[in-house]
Amino acid sequence: MSDGTQYSQGDRLFRQAWTLLGHLGVHMTPANYELMCEVLIGRKPDLRARFKALPRPVTQAHLNQLVDEYLPHHGLPAALASAGAAATTAIDTLEGEFATSQQALAFQLKHLTILKARLPNAQELKSMTAQDVVIDLETALAAHAETLQRLTSAVNAGQDPVVALKEVLDRLKEQPMSQAVIGPKDAGLVHGFGDGQAMKTQLEQLYLAQNRPSNISLLLCHLNGLEKYRVPALAKAGAHMAANLSRRVKGMMEKDESAYWLTSDRLGLLLKTDDERAISQVGSEIGSVVGHSLADVRRSIASAPDVSCRFGSASAHGSDTAAHFFMSANRALQQAEAGATEHPVFSDGADVSEAAGAARYKVLYGREQQG
C-alpha cells in the first residue's frame, strides 16, 4: 500500500474518531482515541459489542473500563511511574541503611579489637574483672548482630519494590501499542502528540534534571471557536481542521521538541528556544494553517464558525518549578485572550497568583490548584 493511501486512511480514521468523541462529549486523549479506532475498525467484535451496549449518556468512566480491559497498556505508564517511585524510595532507604550500618560496624569492629586485647589478661585478673570483659563482649556481639539484622531487613524490604518494577516492565514488553494508532502517516495524536498528563510528566522530568537547559519555552495555543464544531453537523469539519493542524504542527517541530493536545481545542508546544521572534513565527504559522483550514471548510459550509488562535508563552528560565512554568504560560494565554490578540503574549516570569489561571490548572495537572 502506498504512503499516500495510508495517509488518507489515517486521516479518515482520525476524523471518524474525533467526530465520535465529539458526539460522546469526552476529550481526545491517546487512550480514548485508540479505543475509538478499535471500535471503528472492528477487529475486536466483543469490544464493539460492549461499546454499543454502554448506557447513554456514555461517560469517561465507561470508556475507562473498556480501556482497562481491552487496552491495558494505557495504564502501564502510570503503573511504571508508581513502581519506579517505590523502587527509588526503597533504594534510597537501603543506601541510608548501608551508610548507617557501615558507621556502626566500624565502631563495633574497633570495640571488639579492644576487647580482644583484654581477653588474655582476664585470666590473670580478679574474677569480677573477667566477668566485666565477658559482659562487654556479649553486649558488643549483640549490637553487631542487631546491626546485621537491620541491614538484612532493609535488603529484604528493598527486594519487593524492585520485583514489582520488573513485573511492570515485563508487562510493558508484552503489551505493544495497537497497530491502529502507530502508523507513521496517521493523523492527530498519533503524529507523536501526547495529552495533558504526558505534558505534565515531561515538564516534571525537565525540572528534575540536574542540568536543566534554560532555553526551553512552553507555547500554549487556544483554538478559540473550535469548540463550536463539536455539534454533529460540524463534527467532520472540526475533525478536518484538527487533523490538518496536527499534521502541520508536527512538521514544524525540531528534534527533541514536542506537542500535546491538552483538550480538544488547546495545544501545548515545548520548544527548544527562548527567542521571542522564533516563537512568534511558530504562532504565525499555526494561525496561517488554521486560517487556510477554515477557508477550506467554508467552501462547503459557508456559515462555518470563526476559529482564531490565542497564544501564551513562558520560558523555563523564568520558572522555578514545573507548575510555575505552566502557570506562567497559562497566565500569558489569558492575557492574550483578554486582549483578543493573535500574537503570542510572553510571560514576564513574575510569580503567578493562585487566582491567575486556576480554572485551567486542571487541564494539565488534573486537580484544583492548592494554596
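The values are calculated or read from the model by the stated rules, or taken from the named source; none is laboratory data. These figures come from a predicted structure and were not determined experimentally. Cβ coordinates were reconstructed from backbone atoms using ideal geometry, including for glycine residues, and neighbour counts include every protein chain displayed.
Yes or no: segment 83-102 includes at least one residue that is modelled with pLDDT of 80 or more, of a type outside the set (A, V, I, L, M), surrounded by 14 or more Cβ atoms within 10 Å (Cβ to Cβ) and closer than 29 Å to K44 by Cβ.
For segment 83-102, residues modelled with pLDDT of 80 or more, of a type outside the set (A, V, I, L, M), surrounded by 14 or more Cβ atoms within 10 Å (Cβ to Cβ) and closer than 29 Å to K44 by Cβ: absent.
I'd like the full set of residues that are in a helix (DSSP H, G or I) and of a type in the set (V, I, T), limited to segment 16-31.
T19
Condition check ((1) within 27 Å of L206 (Cβ to Cβ); (2) surrounded by fewer than 21 Cβ atoms within 10 Å (Cβ to Cβ)) across all residues:
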residue	(1), (2)
E285	yes, yes
S288	no, yes
S293	no, yes
A302	no, yes
P305	no, yes
A314	yes, no
G318	yes, yes
F326	yes, no
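Regarding segment 256-275, can at least one residue be identified that is in the same structural domain as A340 (by TED's automatic domain parsing), out of contact with any Lys or Arg (no Cβ under 9 Å at 6 or more places or on another chain) and part of a helix (DSSP H, G or I)?
no
What are the pairs with Cβ atoms under 8 angstrom where one residue, in segment 91-119, is within 23 Å of E138 (Cβ to Cβ) and the other, located anywhere, is basic (K, R) and part of a helix (DSSP H, G or I)? Sequence gap at least six, or different chains.
Every condition considered, the pairs that remain are S101/R150.
Can you name the residue in segment 216-261 that is modelled with pLDDT of 85 or more and among the acidic types (D, E) and is also nearest to K272 (Cα to Cα) among such residues?
Top of the filtered list is E257.
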